[in-house]
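First the structure, in the form of structure tokens, and then the observations on it.
The values are calculated or read from the model by the stated rules, or taken from the named source; none is laboratory data. What you see is a predicted model; the values in this text were computed from it and never measured. With ideal geometry, Cβ positions are generated from the backbone for all residues, glycine too; neighbour counts draw on all protein chains shown.
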Amino acid sequence: MSENYRLYMKDFCLWLREQAVEAKRKKNAAELTDGKEAEAYELEAGRSQAYLEVISHIQNEAEGFGLDLKELHLDSFDPYAL
């Protein structure tokens, strides 16, 4: 893997991880009630789930291709434990 590609993937995966944590925080902060609050909760819940699925897929593919999850900042990250 070229150095530029490696650094790009490292930064990208770190950014994804940060976004997933923030989406989960926003979901937890949203109220599950009627009206606009319910819509906000559903939006944040969907966003959070999307990040979790993307990160899980990247982890699976990286392992399949023999890439080091630690180098991608995904070694100790369990998307479903958020």
Please work out if Arg47 is within 13 Å of the chain's Cα centre (by Cα) and surrounded by 11 or more Cβ atoms within 10 Å (Cβ to Cβ).
yes
Going by what's in this entry, would Tyr41 be described as within 9 Å of the chain's Cα centre (by Cα) and either modelled with pLDDT under 85 or outside any loop (DSSP other than H, G, I, E, B) (or both)?
no
Is it fair to say Glu18 is modelled with pLDDT of 90 or more, among the charged types (D, E, K, R), closer than 22 Å to Tyr5 by Cα and exposed (fewer than 14 other Cβ atoms within 10 Å of the Cβ)?
yes
Taking region 58-82 and keeping residues among the hydrophobic types (A, V, I, L, M, F, W, C), more than 22 Å from Asn28 (Cβ to Cβ) and exposed (fewer than 10 other Cβ atoms within 10 Å of the Cβ) leaves Phe65
